[in-house]
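So the structure is just underneath, and the comments pick up after that.
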Amino acid sequence: MTELTQLFAVVAVLTGVVTSFSVWAPRRLWLKLAAFGVAMLFLPTAYAGLSRLLSMPKPVQLEW
């Protein structure tokens, strides 16, 4: 479970950085709000996707 927490922390930080770039850019207010909204929708989706991966077996092609 710690892998999920670490992966989600990385995803959340990267999402925050990209969102801060888009919010602080000299654009219209509705574009800034849209970028913030997309980031807020992305975080639960990313967490759900990462947690679903924990219950699936790893493909044989990815084994070393």
Report task. Leaving out ligands and nucleic acids, note down the accessible area per residue over the chain with a 1.4 angstrom probe, in whole Å². Result -> 86
Query raised in the report: Using 0.36 nm per residue, how much length does the chain from Ser55 to Met40 gain when fully extended, once their Cα-Cα distance is taken away?
Result: 2.9 nm
Report task. Can you tell me the 0 to 90 degree angle between the C-alpha axis of helix 2-24 and the longest principal axis of the chain, rounded to 10? Result -> 20
Query raised in the report: Using Cα atoms only, what is the angle between the long axis of helix 29-54 and the major principal axis of the chain, expressed in degrees (0 to 90) to the nearest 10?
Result: 10
Requested in this report: Measure off, as a whole percent, the carbon and sulfur share of the 1.4 Å-probe accessible area of the chain, all protein chains present.
Outcome: 75
Report summary line: Those trypsin sites (Lys or Arg not before Pro) from the chain that are DSSP loop and have at most 13 other Cβ neighbours within 10 Å turn out to be Arg27, Arg28
Report summary line: Of the candidate values (i) 31, 25, 15; (ii) 48, 22, 19; (iii) 33, 25, 15, the one computed for Cα extents along the principal axes in Å from this structure is (ii)
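The values are calculated or read from the model by the stated rules, or taken from the named source; none is laboratory data. These numbers come from a predicted model, not from an experiment. Virtual Cβ from ideal backbone geometry, glycine too; neighbours counted across all protein chains shown. With ligands, DNA and RNA removed, areas are computed over all heavy atoms of the protein, side chains included. Shrake-Rupley method; radii C 1.70, N 1.55, O 1.52, S 1.80 Å.
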